[in-house]
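The values are calculated or read from the model by the stated rules, or taken from the named source; none is laboratory data. On a predicted model such as this, the values are computed, not experimentally measured, just so you know. Here the Cβ is made from the backbone with ideal geometry for all residues, glycine too, and neighbour counts use every protein chain on show. The area values use the complete protein model at the heavy-atom level, side chains included, leaving out ligands, DNA and RNA. Shrake-Rupley method; radii C 1.70, N 1.55, O 1.52, S 1.80 Å.
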Amino acid sequence: MRDDDLSLEGAEDAVPRWYAIQCKGGESFRAAEHLGNQGYEVFHPVLEVQKKRRGKLEWVSEPLFPYYLFIRLDRLVSNWRPIRSTRGVLKLVTFGGEMPVAVGDGLIEVLRRQASQDDDDVAHVYFRAGETVEITEGPFKDLQAVFASHKGEERAIVLLNMLHQQQRLEMPVSRLRRRD
């Protein structure tokens, strides 16, 4: 190996990279908080969903990847030791028991961009087939329908009673809301 190969390898180790951390069950929020308190840069993508709790619909933050979050570290400067003993952390994700494998910066950038778009849009709502929904916009505003199925991530098929028949309509999921 040449000397310039060694210097390139050392320079690559000094570049901060993203790594995946596996968290203990239901403790990814705790792990993200404790790692952040220790000064680590953490990315924990979450998604806002509507869930029924105590008979009421509430918006709840859930991890996009249950049991996982991302941490930015470099191999030379970052202190890796406290990570394993941080509350909520199970381990750094490795393949073959070796050094943790870096997650591509492009993937993290896409996830961050998507998360910032979701903050601007209506939060994600998941409906079940047969559930009664209300249409909130458009020509059928304030009418009740029955949710039939998802069509991709942003569209839905609903059944609407019109002229004494059930009509199948396709519309954006963002125009639907659960009936209480």
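Can you tell me the order of 49-59, 35-45 when each peptide is scored by its average per-residue count of other Cβ atoms within 10 angstrom, highest first?
35-45, 49-59
With +1 on the Cβ of every Lys and Arg and -1 on the Cβ of every Asp and Glu, and nothing else charged, how large is the dipole of the chain about its Cα centre, in debye rounded to the nearest 20?
1160 debye
Would you mind working out the accessible area per residue for the chain, using a 1.4 Å probe, and quoting it in Å²?
67 Å²
Leaving ligands, DNA and RNA out of it, report the carbon-plus-sulfur percent of the accessible area of the chain at a 1.4 Å probe.
49 percent
How large are Rg and Dmax for the chain when calculated on the C-alpha trace, in angstrom?
22.6, 81
Applying a 10 Å radius around every beta-carbon, put 144-152, 108-116 in order of their mean neighbour count, most first.
144-152, 108-116
For helix 3-13, what angle does its Cα long axis make with the longest principal axis of the chain, in degrees from 0 to 90 and rounded to 10?
Value to nearest ten degrees: 40.
Can you give me the Cα centroid spacing of the stretch 76-111 and the stretch 131-146 in angstrom?
Answer, in whole Å: 45.
For n ≥ 4 DSSP H runs only, could you compute -39500 (n - 2.57) per run for the chain, divide by its residues and tell me the 222 nm figure to the nearest 500?
-6500 deg cm²/dmol
With angles folded into 0 to 90 degrees, how steeply does helix 105-120 sit against the dominant principal axis of the chain? Use alpha carbons for both and round to 10.
30 degrees
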